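> My structure is below; once you've seen it, I'll send some questions.
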Protein chains: 2
Amino acid sequence: MEAEVSEVPEPALYMLPVGISDADPREVLPERALRLLREIRHFVVEDLRSARRFLKRCDRSIDIDSLSFAVLNEHTPLSDVSSMLAPLRKGEAVGMMSEAGCPGVADPGADLAAAAQREGLRVVPLTGPSSILLALMASGMNGQQFAFHGYLPVDEEARRRALRDLERLSERDRSSHIFIETPYRNSKMLAAASEALRPDTLLCVATALTDPVKESVKTLPAARWAGCQLPKEPTVFIIQRP
Amino acid sequence: MEAEVSEVPEPALYMLPVGISDADPREVLPERALRLLREIRHFVVEDLRSARRFLKRCDRSIDIDSLSFAVLNEHTPLSDVSSMLAPLRKGEAVGMMSEAGCPGVADPGADLAAAAQREGLRVVPLTGPSSILLALMASGMNGQQFAFHGYLPVDEEARRRALRDLERLSERDRSSHIFIETPYRNSKMLAAASEALRPDTLLCVATALTDPVKESVKTLPAARWAGCQLPKEPTVFIIQRP
């Protein structure tokens, strides 16, 4: 694989997924994404260090110093985004990589895709791991109607209200409602949810997805989660009325 | 690859993605999913013919007749679902495959995952192509807050109301709203949306995702879509207020 001659990819903004655990990238990314990661010369990345490390893990023979990197994170002024498409305007492929998972979903990559769409430039999404989608697949919850809400409020009272609002939405149409939390607050969130929700509301906790050892996806009535502790691993929560 | 000795996968219900276009499965599925497709002996599938054909496309050397298949589709009585986990209760891996894309999302596979979760059986989701997620990634729309609504009503007046309801939801919090349509109604849906929505509401049309030739993801103000025709290919629509 490493001796392969690289081709020049067609000009487009490629939305390139990266891993969401310590799993070998070659286990969780399809060949088309791995090939583009080797061939693209211009990257826009959410975090420079993790992007360079990920490229090296995909293919140790990649010459990182020959590549160009621009950083797009939550501190980047929106007015800087359009210039990151300069190589593409000259006919060269640009790859967008977020810190974990699929760019454009729960990260600033969407701003770059929006800029490309406004100019009528081609945007190509690549298949890769998404903790939101993987959690939903294994939860057994409603995949016909669902919503992703990002982070819920940290304030205790506001969080309780938010959880009950989602529960009410689900009561109406059995939709499932997905949210995330920063890993060190996982156990607090679980305690808050098991208290705030009705005892029979289903609560899915999906932790360390794609990790060959630590991955766990469990759906239980909210009351059954009382007193449980969660590891400080990336976690997705989903609730649904039964 | 085809001469490789198969291992016995750990007992679990594996949610196995399949392709969503004519692309080579080895281009769009990661190695871990491809390996499990070769190793699992018991499958639950949404459509028997397409599942068998997909397995053959993944690996021509697979002996299809040595495998067991149960069918789970929208006509399957819910009372029949639990028995499909019988091999897993005896310690053997079961693989769930839907007709296209990721099982459990917009298909009946969620019922099988729910049955496994109720019994405390392990459920493992595998990475693969999801038209919903791929469309969102490339749309440039809000990936921090989004909802999937499945199919909108076919009746003209009800559909117009549904489109305007989604537009109003997006007006409130800039969330993006995703829906699908059966391919032969794509152009009708596009005409309805470009009429019903406000002219500056963004409308993304994502067609033939992962198809190396026919794929297209375009986001334009609703008014700009007026008079456009769409091919009869699987299509995802997303709307968002600017």
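> Sum -39500 (n - 2.57) across every DSSP H segment of at least 4 residues in chain A, then divide by the residue count to get the 222 nm mean residue ellipticity, nearest 500. Each step should come with its number before you reach the end.
Working: 8 runs with 76 residues, N = 242.
The helix contribution divided over chain A gives -9000 deg cm²/dmol.
> Okay, moving on. Compute the distance in nm between two label points, each set 7 Å from the Cα along the Cα-to-Cβ direction, one at B:GLU39 and one at A:GLU157.
Output for this residue pair reads 5.3 nm.
> Could you estimate the translational diffusion coefficient of segment A:6-70 from the Stokes-Einstein equation, with Rh from the Kirkwood formula over C-alpha pairs, at 20 °C and 1.002 mPa s, in whole µm²/s? List each step's numbers first, then the result.
Numbers: Rh = 12.2 Å.
Stokes-Einstein gives a translational diffusion coefficient of 175 µm²/s.
> Across all directions of projection, what mean area in square nanometres is found for the Cα convex hull of segment B:30-99? List each step's numbers first, then the result.
Numbers: hull surface 19.8 nm².
If you wrap the Cα atoms of segment B:30-99 in a convex hull and average its projections, you get 4.9 nm².
> Further question on the same structure: How large is the dipole of segment A:1-100 about the Cα centre if only Lys and Arg carry +1 and Asp and Glu carry -1, each at its Cβ, rounded to the nearest 20 debye? Before the final figure, lay out the partial values.
On the way: 13 positive and 18 negative charges, 29 e Å.
It works out to roughly 140 debye.
> I'd like the distance between the alpha-carbon centres of segment A:213-235 and segment A:1-80, rounded to an integer number of Å.
So the separation of the two Cα centres works out to 32 Å.
> If amide H atoms are built 1.01 Å from N in the plane of the peptide, which residues on other chains or at least 5 residues away come under 5 Å of the amide H of A:VAL44?
A:ALA70, A:GLY95, A:MET96, A:MET97
> Could you grab the relative contact order for chain B? Cα pairs under 8 Å, six or more apart, rounded to a whole percent. Mind dumping the intermediate values first?
Values: 476 pairs, mean separation 50.2, N = 242.
Once divided by the residue count of chain B, the mean separation gives 21 percent.
> If you don't mind, there's one more thing I want to ask. I need the shape label for segment B:22-138. Rule: rounded when a/c is under 1.5, else prolate if a/b > b/c, else oblate, with a, b, c from the alpha carbon gyration tensor.
Here segment B:22-138 falls in the oblate category.
> Return the tail of the calculated pair distribution for the protein assembly as shown, meaning the percent of Cα-Cα pairs more than 33 Å apart. Show your work: numbers first, answer last.
Details: 41441 of 116886 pairs.
Value for the protein assembly as shown: 35 percent of Cα pairs lie more than 33 Å apart.
> Hey, which lysines would be in cross-link range of A:LYS90, C-alpha to C-alpha under 30 Å, not counting anything within fewer than 8 residues on its own chain?
A:LYS56, B:LYS214, B:LYS218
> Separate question: Pop a pseudo-label 7 angstrom from the Cα along the beta-carbon direction at both B:GLU119 and A:GLU171 and give the gap in nm to one decimal.
Label at B:GLU119, label at A:GLU171, 3.3 nm between them.
> Quick one: in chain A, whose Cβ comes closest to the A/B rotation axis, and how close in angstrom?
A:ALA147, 2
> Can you list, shortest first and in nm, the gaps between the label point of A:CYS228 and those of its counterparts in the other copies, using a point 7 Å from Cα in the C-beta direction?
4.4
> With each pseudo-label sitting 7 Å past Cα toward Cβ, what's the B:ASP24-B:SER50 distance in nm, one decimal?
Roughly 2.3 nm, to one decimal.
> Which shape class applies to chain A: rounded if a/c is under 1.5, otherwise prolate when a/b exceeds b/c and oblate if not, where a ≥ b ≥ c are the square roots of the Cα gyration tensor eigenvalues?
On the way: a/c = 2.42, a/b = 1.89, b/c = 1.28.
Judged from the Cα gyration tensor, chain A comes out prolate (a/c at least 1.5, a/b above b/c).
> Under the Karplus relation 6.51 cos²θ - 1.76 cosθ + 1.60, θ = phi - 60°, what is the ordered set of whole-Hz ³J(HN,Hα) values for segment B:146-155, x standing for Gly and Pro?
My calculation for segment B:146-155 gives 8, 9, 10, 10, x, 8, 8, x, 7, 4 Hz in order.
> What full-extension length gain, to one decimal in nm, is calculated for A:THR182 and A:VAL213 as 0.36 nm per residue of separation minus the Cα-Cα distance?
Details: separation 31, 0.36 × 31 = 11.16 nm, distance 2.06 nm.
Extra length available between A:THR182 and A:VAL213 comes to 9.1 nm.
> Based on the Cα gyration tensor of segment B:125-206, what are the three equivalent ellipsoid semi-axes, each the root of five times an eigenvalue, rounded to whole Å and given largest first?
Details: eigenvalues 87, 54, 25 Å².
Equivalent ellipsoid of segment B:125-206: 21, 16, 11 Å, largest first.
Rule-based calculations on the coordinates, nothing more; no lab input. Bear in mind that the values here come from a model prediction, so they are computed numbers and not experimental data. Positions of Cβ are backbone-derived with ideal geometry, glycine not excepted, and every protein chain shown enters the neighbour counts.
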